[in-house]
Structure formats: C-alpha cells, structure tokens
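Worksheet: one structure, shown below.
The values are calculated or read from the model by the stated rules, or taken from the named source; none is laboratory data. Please read all numbers here as calculations on a predicted model, not as lab measurements. Here the Cβ positions follow ideal geometry from the backbone for every residue, glycine too, while neighbour counts run over all protein chains shown. We work out accessible area using only protein heavy atoms, side chains counted, and drop any ligands, DNA or RNA first. Shrake-Rupley method; radii C 1.70, N 1.55, O 1.52, S 1.80 Å.
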Amino acid sequence: MSNNPFIIMKQMTVSNDFFRAVLTMSLAVVALGAQAKVRLSHLVGDNMVLQQQTEARLWGWAAPGREVRVTTSWSDQVVTASTGRDGAWIVKTPPTPKASCTPLTVTFDDGDGPLTISNVVSGEVWVCAGQSNMEMPVRGFGQCPVEGYNETVLDAAQSVGVRSIKVPSVMSSRPLNDADCAWRQCTPQTVGEFSATGYFFARLLSRTLGIPVGLIEANKGGSRVESWLTKENLQRYTSDPVDSVEIARRWSWDYHRSLLWGNGTFNPILNYTVKGILFYQGCSNVGDPGNQYSERLKLLVEQWRSQFGLGEIPFYFVEIAPYFYDNVDGDDGARLREQQFRATTLIPNSSLVCTNDLAYPYETTQIHPAQKQPVGERLAYTALNRDYGYETVWYKSASYKDMTVRNDTVFIHTQDNYGCEAPFEQMTGFEVAGADKVFHPARAQHFWRPGGGYWDEAIAITCPEVKQPVAVRYCFRNFQLGNVKNGAGLPLFPFRTDNW
C-alpha cells in the first residue's frame, strides 16, 4: 500500500472511514515534523487563479504556536496568522489585483524558511459541482464522446487564460480539509481532462472578458443531492442515515451515498474565495416524491453559501437532459425537470439552463449526451448577462405563462421569449388532453389576428381527438424532443398545465 495518505484514503472502504481519518491525521502530524517549511493546502499552489479584487483566503498548516507571514508580489502589506494546536492557519490577502494574465507570486514563511508559489494569476473563479455530466471531461467517457473533441484540442492553445483544479472524488465520514490535487493550465495536452461543461463555460467567459478564469471541479458521477448535504442538514431535514456503516447498507452503489461525498470531495474547497457555483446534477434523484428535490436543492445552496461565507454568490444550474429512464414515455424525468424549474423560484440569485434540444434522437439511452459545448456556453451567457454587465446577451429560455381555451383550441403564452417563438408553423412536442386525462399529440403553430388584444397573438394548439381540451403538455416525457425556441434560439422549457 502507498505511503501517500490520499491514496490510502481511496483504497480503504467506507466501513474504515474512522481509521482512515485517524491515519490521515497521524501522517499529517509526521509530515509536519519532518518538513522544514510551512505546508499549504493543495488548492493553494503554482498556477492557481485568485478571485480578482478580493481579500482572497489562503490556508495551510505549520507547527503549533508558529506565526505564518504571507507576502505578495502585488502589495507591500504583510499579513500574518498564528497556528493553533492543530497547526492550521488561514489568512486573507491584501486585495488582489484587477484580473489579468500578469504572473503573481505569494510567499509563506513560518520561520523555518520561505515557501513561494508562482505563476499565480488574478481572475474569476467558479466551482463546477454535480454529478457525471459535470464531471465528464472534454475527452469524454468510455462509449460517451464529447462532440468536437479534436477541434477543441487544436483550439486550446488560444485558452491560455483558462485553468482548473480537479478535486479527487473521495468519500469520508468526517469533513476533510485537504485534497490531493494541483492547478493545471489549459493546453492542447491538458484540455482533454477539463470538465467539458466547465471548460466551454470558462473558454467563452475568458475570451469575452479577456481575463483568466479558474475552475474548481468538485463533483462525483451518480451522486444525489443528498450526497452533498452535511450531517446536520441530513439529520434535520431527511431520513437518510449519517453513520457510514448504515449509509453503506442503505446504498450498495457508493455514488448514491449521502454525506460522504460532501465530506471528502467538497469540504476541502470551502476556504477558497470564489465567484459562484455551476451545478449539473439531478439524474440520480429522478423518482423523488413531490417537491422533495427542489426543497433539498434549496437547502444545499443555502448550506454552500453559508459554508463559503461569501454572501449570496451566483448559483447557475443545468436541467437534466432527455433520457429514457427505462420508459421513454414515462414522466419521472419530466417531473424532476419540473422540480429544477421550481427551484429557480426558491433559490435567490439562481438561473436554470434548458437542455431539451441538446440530445440527439439516437441518444435515448445515452445518459451523457455529446453536446456539452452549448451547455457550457449557455451557462456563460447567464454569467455574462447577470454578473459581467453584458445586458444585451440573451440567456433565458422561454417558459409557460398562461393559457385559455376557445372551443377546440388552446391558446398559450410564454414568457422570456424575446419577442419571438419559432418555428412559425409545425411546432412539435405538444400534447393535449380532455377531461379523460388521456394525452394525444397535438398540432401547434403561431397564431395572430389583427386587433392588438392579448389573445390575438399566441401559440394555437389543436388535436382532432380532443374536441374539448382541458390541459396541455410540452415535452413532458422522459425523452421527448420539441422544436420551439425563442428569439435567442434557446429552447422552451418543458411544462404541463395540469397537476395530475
């Protein structure tokens, strides 16, 4: 077995979490005694991106009772911190410079000699959280390609401002305060390992703003929203067990386990000063009852914002893509998407990216659709409009607003359509039901009549089988692709007008 404590953690089973934690702490103490210089968190190192124009937090360990002095290349101010009994320390830097690619350095000294990190830059830092569709790298997974791989690799030399750090997916029964990882710069040799969704977000943001963008990738394929909740939140708001042995008994698939992934994979990043969070998760919660998912997602965002201690930082998340979930015509996936949309009304400073158009018809059973570039770029449109002053960038997908019925025709309006609903005719994805609650495919097209009244311009929906329509659904099935888009070319959110 390796002497590296992080490798040891990965090799041990969840039932040995307590012993793993003890061993890790013991090895850390031995390491502190054996080295002469201050030790830094792995997230603090060469090539890192610091959040611009902030008092960025830096942290690490030294011998107990030491004073750690921190000096930076952008300020004459020296900041200090004293270590506690556990040797831990944390400082806030002098305000970091305005974002640029100018290399910076930071030097740490606890009296046993200085330690300097270099090629640091000031820019924008975003967290990439969630499950496998966020984790999926530019090179793809086995049997799951990412569209445009070669073009992305050849273009990567133009993305010198993009950097990332991948936190290993590790389970722990106790919150970990470090992770075995390192910052990497984007090159044709490294870009394949970046989160695809995160990279395409960062690439567009970096090139538009002309500044560095850093990604902290802390995610785990297959994880549930509960996988990231703390012990306290799980005990208070769920019936999930919090003992590691009971957790393992409840979920045989480790990626479904509550608590452990947050402790091991997300907790190490919480001292970092970040701009916001990008989140792509939900597939493993398909089938959850009622409003459970939206309420727990709200809880998770509140938890993360509290833990980061940076205020109401942006939370931008991605709708789960069409997928068959063992029944193409079922609606469990559609109900989870409905919960994601509901969450936007519960979570302040949040926004949801619609993906109804980002699965190909032949990807019915592909949980990892190939089109990741539009996902990342739609997240970037959101950030550019909401956080960086690009108010002329349209980022919202249209959503259902209201409906009325005249004889055998349903008329609906949408909101956030930017003055357009396309195509003008032959809209697909609509279904209509009467009082019998049986839905039938419907014909939909743009409707306009001179007069200027509210209902003189709408989407008109009819169905020969339903003479007295009661309800309308749009793409409200596990895998159903519609073609309605707004003036920004963004897809209409799936919806239903019933509550059946």
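Out of the total accessible area of region 257-409 (probe 1.4 Å, heavy atoms of protein only), what percent is carbon and sulfur? Result for region 257-409: 44 percent of the exposed heavy-atom area is carbon or sulfur. Helix content alone sets the calculated 222 nm mean residue ellipticity of the chain: runs of n ≥ 4 DSSP H residues at -39500 (n - 2.57) each, divided across all residues, give -6500 deg cm²/dmol. Label-to-label distance, Asp408 versus Tyr454, with points set 7 angstrom from Cα along the beta-carbon direction: 2.7 nm. From the coordinates of this entry, Cα Rg over 2.2 N^0.38 Å is computed, and it appears in (i) 0.95; (ii) 1.02; (iii) 1.07 under the label (iii).
Taking the Cα centre of the chain as reference, the dipole from Cβ charges on Lys and Arg (+1) and Asp and Glu (-1) amounts to some 640 debye. Measuring r between the beta carbons of Gln235 and Asp326 and using R0 = 30 Å, the FRET efficiency lands at 0.40. In the full protein context, region 352-500 carries 46 Å² of accessible surface per residue, based on a 1.4 Å probe and ignoring ligands, DNA and RNA. Is the C-alpha gyration tensor of region 73-192 telling us rounded, prolate or oblate? Criteria: a/c under 1.5 is rounded; beyond that, a/b larger than b/c is prolate, otherwise oblate. Oblate.
Here the extension length gained between Glu465 and Val78 equals 131.7 nm, from 0.36 nm per residue of separation less the Cα-Cα distance. Over the chain, calculate the relative contact order: mean separation of alpha carbon pairs under 8 Å at least 6 apart, over the residue count, as a percent. This gives 12 percent for the chain. If you plug the beta carbon distance of Trp500 and Asp155 into 1/(1 + (r/R0)^6) with R0 = 45 Å, you get a FRET efficiency near 0.40. Placing unit charges on the Cβ atoms of the charged side chains and taking the dipole of the chain about its Cα centre, the candidate lying farthest along the positive direction among Gly330, Thr80, Ala380 is Thr80. Distance between the 7 Å Cα→Cβ label points at Asp46 and Asn291: 5.2 nm.
Taking the charge dipole of the chain about its Cα centre, with +1 at Lys and Arg Cβ atoms and -1 at Asp and Glu Cβ atoms, the residue from Ile165, Tyr395, Pro114 reaching farthest to the positive side is Pro114.
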